[in-house]
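Notes follow once the structure below has been shown.
The values are calculated or read from the model by the stated rules, or taken from the named source; none is laboratory data. Quick caveat: nothing in here was measured; it's all calculated off a predicted structure. Note: ideal-geometry Cβ built from the backbone for every residue, glycine included; neighbour counts use all protein chains shown.
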Amino acid sequence: MTEAAGGALEEIIAGLARSEGFDTVGIARSDAIPEARARLKEWVAGGAHGDMGWMAETLERRADPAVLWPAMRSVIMLGLNYGPADDPRAVLAQRSAGAISVYARAEDYHDIIKPKLKRVARALLVETQRRGLEGDVKVFVDTAPLMEKPLAAAAGLGWQGRHTNLVSRDFGSWLFLGAIATTLELKPSVPEKDHCGSCSACLDACPTAAFPAPYVIDARRCISYLTIEHKGPIPRDLRPLMGNRIYGCDDCLAACPWNKFAELGREMKLAARAENDAPPLAELVALDDAAFRARFPKSPIKRVGRDRFVRNVLVAIGNSADPSLLPQVEARLGDASSLVRGAAVWALGRLADPDTVIAHARKVLPREVDAAVLAEWDAASAQPL
Ligand code: B12
Ligand code: SF4
Ligand code: SF4
């Protein structure tokens with residue numbers, strides 16, 4: 001233990017974290033996850049990261065904290081509970097509304113966690129200097145190449161569940177993670193054991209069968225990846241499985257029985273905004289660039305941009321079985337974005353009768369030059385046009 005007047009440094013860190021509103025904190029040695037390296041390499045080699053090219057580009061640094069920052073000796077892992085007030089799956093039954101995942105219904109958690117991490121890190125530096133210790137710190141939340149889940153498990157915050165996310169005995173599956181890396185040699189916490197037992201609820205709950213094996217995700221099939229990270233048209237065979245999920249997905253998290261011990265998240269800025277609980281698809285599909293930015297201020301949703309978001313909304317409309325949404329779909333057939341046009345064609349094919357599809361095709365096709373959109377027209381009319 002790093003003792004001095006004022007108590008052990010590890011206890012000071014825990015106090016600083018709690019005073020910033022973090023719900024859980026622990027410490028891992030920077031070399032605590034040797035097995036993660038080979039697993040990450042295998043995952044990327046199999047292509048499970050899809051077009052998240054940055055996972056491959058940063059592989060060496062991500063696989064080993066010693067490569068990311070050779071002087072790093074310890075990682076302080078912090079968790080912020082964002083437990084929802086109600087079961088987030090309720091909106092899945094409202095097919096003419098969009099389902100936004102819990103974390104994205106509120107303010108962007110990166111903007112909330114990063115300043116908190118920085119304040120803890122600064123206070124830690126002041127304390128180490130007061131003790132005459134040499135030490136440096138860096139803060140990370142999500143965006144840095146650091147394997148936050150296995151590190152959080154090593155730091156005793158919970159264990160990686162079969163859905164691959166960190167599960168906590170106290171907060172279930174609803175924890176955001178952040179990290180403070182340091183050159184200080186801190187006393188590591190006791191790692192948490194796997195408490196999944198014989199449960200497989202999360203694997204069974206996945207609408208797209210995105211888990212090729214327990215503890216392993218194929219991001220290419222995950223709705224979170226498809227709606228947030230994937231830039232091109234969503235693969236046609238997966239669209240019908242997405243229902244009305246338009247930004248992220250919580251099904252595997254929400255299915256976890258450990259959530260029954262979870263409390264409502266205390267951080268007010270992470271509280272869902274009512275307008276994001278079940279927004280009408282008719283409203284969202286009509287957003288242009290400016291209206292999209294104005295509709296989602298401070299929201300993580302802004303990151304995907306209007307075109308990708310409207311693509312998602314059109315897939316949800318195609319799954320809605322609600323013909324009253326047809327006029328909104330027709331209005332997007334001539335959209336400036338080929339991504340949006342292609343998704344509109346798919347939604348049209350799902351909602352309209354074949355004669356209506358052909359009538360629209362005749363009007364639009366003479367002007368269409370995009371190969372992917374042309375392929376959507378072929379598929380929607382079930383024949384080459
Ligand atoms: C890339 C990424 C994604 C990708 C890939 C998801 C994934 N599971 O990796 C996509 C876009 C799909 C995604 C989705 C989501 N994400 Co994300 N994502 C990340 C990111 C940036 C990197 C994760 C990573 O390194 N993946 C690579 C894989 C290989 O790592 P891994 O899952 O740990 O893989 C391990 C297993 O395969 C394992 N393994 C193989 N066999 C076995 C056997 C056993 C017994 C064990 C234990 C492990 C194991 O070995 C690997 C290494 O340990 C992290 C932030 C970060 N820097 O860590 C956030 C992060 C994981 N995401 C987060 C969240 C909240 C989500 C979503 C819930 C968002 C949403 N609602 O839509 C979903 C959940 C989907 C899911 N079931 O995972 C949180 C998770 C918090 C938590 N409590 O764990 C993180 C930590 C962000 C944060 N800072 O809070 N995400
Ligand atoms: S987030 Fe949804 S789609 Fe992705 S693995 Fe979990 S249940 Fe499946
Ligand atoms: S749902 Fe079951 S298997 Fe999945 S993470 Fe939770 S306890 Fe583990």
Matching residues in region 196-210 - criterion: being within 12 Å of ligand 3 (Cβ to nearest atom), part of a loop (DSSP other than H, G, I, E, B) and surrounded by 14 or more Cβ atoms within 10 Å (Cβ to Cβ): Cys196, Cys199, Ser200, Cys206
Qualifying positions in region 124-160 - within 15 Å of ligand 3 (Cβ to nearest atom), over 20 Å from Leu16 (Cβ atoms) and not in a helix (DSSP H, G or I): Gly158, Trp159, Gln160
Test: Asp307 is over 19 Å from Arg245 (Cα atoms), modelled with pLDDT of 90 or more and away from ligand 2 (no atom under 16 Å from the Cβ): no
Count of residues meeting criterion [over 19 Å from Gln94 (Cβ atoms), aromatic (Phe, Trp, Tyr) and within 14 Å of ligand 2 (Cβ to nearest atom)] in region 238-269: 0
Any hit, region 211-228, residues being of a type in the set (Lys, Arg), surrounded by 22 or more Cβ atoms within 10 Å (Cβ to Cβ) and near ligand 2 (Cβ under 10 Å from one of its atoms): no
Checking Ile246 against (1) more than 10 Å from ligand 1 (Cβ to nearest atom); (2) under 19 Å from the mean Cα position of the chain (by Cα); (3) part of a loop (DSSP other than H, G, I, E, B), the condition it does not meet: (3)
Extreme residue, nearest to the chain's Cα centre (by Cα), among residues of region 178-210 that are among the small types (Gly, Ala, Ser) and more than 16 Å from ligand 2 (Cβ to nearest atom): Gly178
Count - residues of region 172-192 that are more than 12 Å from ligand 3 (Cβ to nearest atom), of a type outside the set (Val, Ile, Thr) and part of a loop (DSSP other than H, G, I, E, B): 8
Helices (runs of 4 or more DSSP H) wholly inside region 274-385 that include at least 1 residues being free of Cβ contacts under 8 Å to residues at least 60 places away in the same chain, among the aromatic types (Phe, Trp, Tyr) and surrounded by fewer than 20 Cβ atoms within 10 Å (Cβ to Cβ): 289-295
Test: His163 is in a loop (DSSP other than H, G, I, E, B), within 16 Å of ligand 3 (Cβ to nearest atom) and either buried (at least 22 other Cβ atoms within 10 Å of the Cβ) or of a type in the set (D, E, K, R) (or both): yes
Matching option when the condition is under 27 Å from Val25 (Cβ atoms), in contact (Cβ under 8 Å) with a residue 12 or more places away in the chain and either assigned by TED's automatic domain parsing to the domain that holds Leu151 or under 19 Å from the mean Cα position of the chain (by Cα) (or both), among Leu175, Leu238: Leu175
Selection count where residues are small (Gly, Ala, Ser), over 18 Å from Ile13 (Cα atoms) and in contact with an Asp or Glu (Cβ under 9 Å, 6 or more places away or on another chain), scope region 154-174: 4
Index of the failed condition, Val120 passing every other in (1) outside any strand (DSSP E or B); (2) within 23 Å of Cys206 (Cβ to Cβ); (3) β-branched (Val, Ile, Thr): (2)
